Amino acid sequence: MQEFLQQLVNGIVWGSAYALIALGYTMVYGILRLINFAHGDVYMAGAYVAFFTAGALGGLAMGSPAGALVVMLIAMDGSGLLGYGIERIVYRPLRAAPRLTLLIAAIGVSLFLEYSAQLAFGSEPRLFPQLVPARTVVSACGVVISNQQAIIVAVSLALGLGLQFIIHHTSMGRAMRAVSFDREAASLMGVNVDRVISFTFVLGSALAGAAAVLVPMNNPQILPFMGVQPGLKAFVAAVLGGIGNVWGAIAGGLLMGIAEIMVVGYLASSYRDGIVFAILIVVLIVKPTGLFGSPVTDRA
């Protein structure tokens, strides 16, 4: 039982990071009906922004909550700016194109970012600095929780609640919901659709940037292709929860993280990637709209 509880805690921590990345997928899909396959590489870019920012700040970023917060905010800004650039330069000119064209463009952007990062930073892994030194904050009934794990879950929860506040209690959030429901009608009612879509990309990319700082607390290795697997798994998490549904993305991320860690703990680590796609196949067969999703009328 103790081992199960420990694995459950580890799964929640890992799933919290998946949830942050999955939110970017689900937000963009909810607005544009587009699967932004470059999103995992925005996460990778955020990790490099954080890495070089921490290096520039030096001791100011190490062991200080304020320093770690500054690194995270700069990484979120960098990822958000990259997300805006992708939307503005690549997706906006193709918005009226067939969806297959957009999908191919998304894959192309993903490959461009990966190999550009490899060219710029090299293919060798880099060790991410320890912004917050690890220490145990809870040790009870055989379950150990570190401060790093607590930070990952707490920050993920805070950002998820902040996103919900923006969507449901701000004018931009109302505009986002209007564009998601009917883009043309929202435009006729005076909503600046281009601005809403750009904001959605920036917000989703910023959340990926936050995940790029949180994940290296548990896995401090970064490299140009680090966004491929987390990006795919976060996409599966978004589909599992019901893509287009914010709470669904959070629930899907947590379930995905728990399932992956349980497989590693009780079966074998070689199955951790296979379980992700097994879950995707089952969900698509049993409930294609996901756990919290609902059928959507295509207005494109």
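For the range 82-111, taking the residues that are open to solvent by 40 Å² or more (accessible area, probe 1.4 Å) and under 16 Å from Gly231 (Cβ atoms), the one that is nearest to the chain's Cα centre (by Cα) is identified as Leu82.
Results for (1) touching a residue at least 24 places away in the same chain (Cβ under 8 Å); (2) over 18 Å from Leu20 (Cα atoms), shown as yes or no for each residue.
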{"position": "Ser123", "(1), (2)": "yes, yes"}
{"position": "Phe128", "(1), (2)": "yes, yes"}
{"position": "Arg135", "(1), (2)": "no, yes"}
{"position": "Gln149", "(1), (2)": "yes, no"}
{"position": "Val155", "(1), (2)": "yes, no"}
{"position": "Leu159", "(1), (2)": "yes, no"}
{"position": "His169", "(1), (2)": "no, yes"}
{"position": "Arg174", "(1), (2)": "no, yes"}
{"position": "Arg183", "(1), (2)": "yes, yes"}
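A residue that is assigned to a helix (DSSP H, G or I), more than 15 Å from Gly80 (Cβ to Cβ) and in contact (Cβ under 8 Å) with a residue 12 or more places away in the chain can be found somewhere in the range 40-48.
Residues checked against (1) within 14 Å of Gly209 (Cβ to Cβ); (2) modelled with pLDDT of 90 or more; (3) of a type in the set (Val, Ile, Thr):
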| site | (1), (2), (3) |
| --- | --- |
| Tyr25 | no, yes, no |
| Gly40 | yes, yes, no |
| Tyr48 | yes, yes, no |
| Thr53 | yes, yes, yes |
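Which of the residues that make up the range 116-145 are outside any loop (DSSP other than H, G, I, E, B), surrounded by 13 or more Cβ atoms within 10 Å (Cβ to Cβ) and modelled with pLDDT of 90 or more? Ser116, Ala117, Gln118, Phe121, Arg126, listed by residue number. Filter the range 247-281 for residues that are open to solvent by less than 60 Å² (accessible area, probe 1.4 Å) and either touching a strand residue (DSSP E or B) at 6+ places or on another chain (Cβ under 6 Å) or among the β-branched types (Val, Ile, Thr) (or both) and give the result. Within the range 247-281, Ile250, Ile258, Ile261, Val263, Val264, Ile275, Val276, Ile279 qualify.
Residue by residue, here is whether (1) under 11 Å from the mean Cα position of the chain (by Cα); (2) open to solvent by less than 10 Å² (accessible area, probe 1.4 Å); (3) among the charged types (D, E, K, R) holds:
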residue: Leu8; (1), (2), (3): no, no, no
residue: Trp14; (1), (2), (3): no, no, no
residue: Ile21; (1), (2), (3): yes, yes, no
residue: Tyr25; (1), (2), (3): yes, yes, no
residue: Tyr29; (1), (2), (3): no, no, no
residue: Ile35; (1), (2), (3): no, no, no
residue: Asp41; (1), (2), (3): yes, yes, yes
residue: Tyr48; (1), (2), (3): no, yes, no
residue: Gly55; (1), (2), (3): no, no, no
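Looking across the range 58-72 at every residue that is of a type in the set (A, V, I, L, M) and modelled with pLDDT under 85, the one that is least open to solvent (accessible area, probe 1.4 Å) is identified as Ala61. Taking residues in the range 244-262 that are farther than 16 Å from Gln7 by Cα, and partners anywhere that are of a type in the set (S, T, N, Q) and open to solvent by less than 20 Å² (accessible area, probe 1.4 Å), the pairs with Cβ atoms closer than 8 Å and at least 6 places apart or on different chains are Gly244/Thr26; Asn245/Thr26; Val246/Thr26; Gly248/Thr26; Ala249/Thr26. Within the range 254-267, is even one residue outside any loop (DSSP other than H, G, I, E, B), farther than 28 Å from Gly108 by Cβ, among the charged types (D, E, K, R) and in contact with a Lys or Arg (Cβ under 6 Å, 6 or more places away or on another chain)? Taking every residue of the range 254-267 in turn, at least one turns out to be outside any loop (DSSP other than H, G, I, E, B), farther than 28 Å from Gly108 by Cβ, among the charged types (D, E, K, R) and in contact with a Lys or Arg (Cβ under 6 Å, 6 or more places away or on another chain).
Please work out if Ile279 is at pLDDT below 85, outside any helix (DSSP H, G or I) and more than 15 Å from Ala17 (Cα to Cα).
Values: at pLDDT below 85: yes; outside any helix (DSSP H, G or I): no; more than 15 Å from Ala17 (Cα to Cα): yes.
No: the conditions fail for Ile279.
Restricted to the range 154-237, the set of helices (runs of 4 or more DSSP H) holding at least 2 residues that are surrounded by 20 or more Cβ atoms within 10 Å (Cβ to Cβ) and modelled with pLDDT of 90 or more comprises 171-181, 193-214.
Only one of the numbered conditions (1) farther than 15 Å from Leu23 by Cβ; (2) open to solvent by less than 40 Å² (accessible area, probe 1.4 Å) is not met by Thr289, and that is (2).
The values are calculated or read from the model by the stated rules, or taken from the named source; none is laboratory data. Here the structure is a predicted model, which means the values were calculated and not measured. Reconstructed Cβ throughout: ideal geometry from the backbone, glycine too, with neighbour counts over all protein chains shown. The accessibility values were calculated without ligands, DNA or RNA, using every heavy atom of the protein model including side chains. Shrake-Rupley method; radii C 1.70, N 1.55, O 1.52, S 1.80 Å.
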